[in-house]
1. Sort out which residues of region 227-239 are open to solvent by less than 80 Å² (accessible area, probe 1.4 Å) and touching a residue at least 40 places away in the same chain (Cβ under 8 Å), and write them in order of number.
2. Can you find a residue in region 9-18 that is under 27 Å from ASP118 (Cα atoms) and out of contact with any Gly (no Cβ under 7 Å at 6 or more places or on another chain)?
3. Of everything in region 173-194 that's open to solvent by 10 Å² or more (accessible area, probe 1.4 Å) and under 23 Å from the mean Cα position of the chain (by Cα), which residue is nearest to PRO137 (Cα to Cα)?
4. Is it the case that some residue within region 74-93 is touching a residue at least 12 places away in the same chain (Cβ under 8 Å) and over 22 Å from ALA127 (Cβ atoms)?
5. Condition first: of a type in the set (Asp, Glu), open to solvent by 10 Å² or more (accessible area, probe 1.4 Å) and touching a residue at least 40 places away in the same chain (Cβ under 8 Å). Can you find one or more residues in region 16-31 that meet it?
6. Tally time: how many residues in region 6-27 are more than 15 Å from SER48 (Cα to Cα) and hydrophobic (A, V, I, L, M, F, W, C)?
7. Is it true that some residue in region 205-226 is without any contact (Cβ under 8 Å) to a residue 24 or more places away in the chain and not in a strand (DSSP E or B)?
8. Would you mind telling me which numbered condition in (1) modelled with pLDDT of 95 or more; (2) under 18 Å from ILE97 (Cα atoms); (3) of a type outside the set (D, E, K, R); (4) open to solvent by less than 20 Å² (accessible area, probe 1.4 Å) ALA131 fails?
Amino acid sequence: MHAQYELTQRFSAEFSIRPFLERYPEATLARLTIWAKDQNPHVRRLVSEGTRPRLPWAPRLRSFQKDPRPVLALLELLKDDPELYVRRSVANNLNDIGKDHPLILVETAHRWMTDATDERRWLIHHALRSAVKRAEPGVLEVLGFGKNAKVSVNKASITPERPMIGGSVAIAFEITNTDSQRQRVLVDFRVHFVKANGKTSPKVFKLKTIELAPQETVQLGKTISLAEMTTRKHYTGTHRVDVLLNGCALPLGSFELMND
């Protein structure tokens, strides 16, 4: 453990600490509790990054996926860390936990929002990013978007109507506040990408949060690349597009993806 302590200050130890967590969980967690108060930010970051249940490119910590309470106890010690480097790791850890325990994520976010500093609010928003894309109602409520938006969507356009694989497609629309009160609206959109088997898989693209005065209209849009990627392969077929307003879906239209 002394070697882990020295290693993380020079390189990184979030991978090498994991076998200790699996074989000696109680002793390792006790040591990490001490390290959470260490003067060195690299040591403090190891506490949160090394205990991520779903750390990318690493074997999952199945026991913490099943019961994240030991990890949450460590994150409580680090949620107001002075270093963004550490707070970002805390947010990523909490994001991991939310994929297996969405209710725990919402409860923790609600609790952390009480008397939260701007820095902690940023952490919470970052931790909720995946849940927001999944449009989980409890999460949107934490962020102040629990109610249906009173808006109209007009002048939707998807161009070209028949884009080619390797090209791009532009999605644009207008949003008008139909309420007599000012509204804050979370606006995203979702593309239902066709898969190899002909079924579709939705992917959410972030847009922005907008403040709308009564009857105010705002134009929004985004261009989506249809180039082949390591994370997404494209297939021909009809791709439906939705706009998400405070997590609620409204159809915008579709485009027909073509081969060259």
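The values are calculated or read from the model by the stated rules, or taken from the named source; none is laboratory data. Just so we're clear, the structure is a prediction, and the values are computed from it rather than from any experiment. Here the Cβ positions follow ideal geometry from the backbone for every residue, glycine too, while neighbour counts run over all protein chains shown. Only protein heavy atoms, including side chains, enter the accessible area calculation; ligands, DNA and RNA are left aside. Shrake-Rupley method; radii C 1.70, N 1.55, O 1.52, S 1.80 Å.
1. ALA227, HIS234, TYR235, THR236, GLY237, THR238, HIS239
2. Filtering region 9-18 for residues under 27 Å from ASP118 (Cα atoms) gives none.
No, region 9-18 has no match at all.
3. Going through region 173-194, the residues open to solvent by 10 Å² or more (accessible area, probe 1.4 Å) turn out to be 174, 176, 178-184, 186, 190, 192-194.
Those still in the list that are under 23 Å from the mean Cα position of the chain (by Cα) too: 184, 186, 190, 192-194.
Details: ARG184: 16, LEU186: 13, ARG190: 17, HIS192: 21, PHE193: 23, VAL194: 26 Å.
This residue is LEU186.
4. The answer is no, given that none of the residues of region 74-93 is touching a residue at least 12 places away in the same chain (Cβ under 8 Å) and over 22 Å from ALA127 (Cβ atoms).
5. Keep residues of region 16-31 that are of a type in the set (Asp, Glu), which gives 22, 26.
Pick out the ones that are also open to solvent by 10 Å² or more (accessible area, probe 1.4 Å) and you get 22, 26.
Then drop every residue that is not touching a residue at least 40 places away in the same chain (Cβ under 8 Å), which leaves 22.
Looking for residues that are of a type in the set (Asp, Glu), open to solvent by 10 Å² or more (accessible area, probe 1.4 Å) and touching a residue at least 40 places away in the same chain (Cβ under 8 Å), one finds at least one in region 16-31, hence yes.
6. Total meeting the criteria: 3.
7. Restricting attention to region 205-226, the residues satisfying the condition of being without any contact (Cβ under 8 Å) to a residue 24 or more places away in the chain are 205, 207-208.
Add one more test, that the residue is not in a strand (DSSP E or B), and what stays is none.
No, there is no match, as no residue in region 205-226 is without any contact (Cβ under 8 Å) to a residue 24 or more places away in the chain and not in a strand (DSSP E or B).
8. Single failed check for ALA131: (1).
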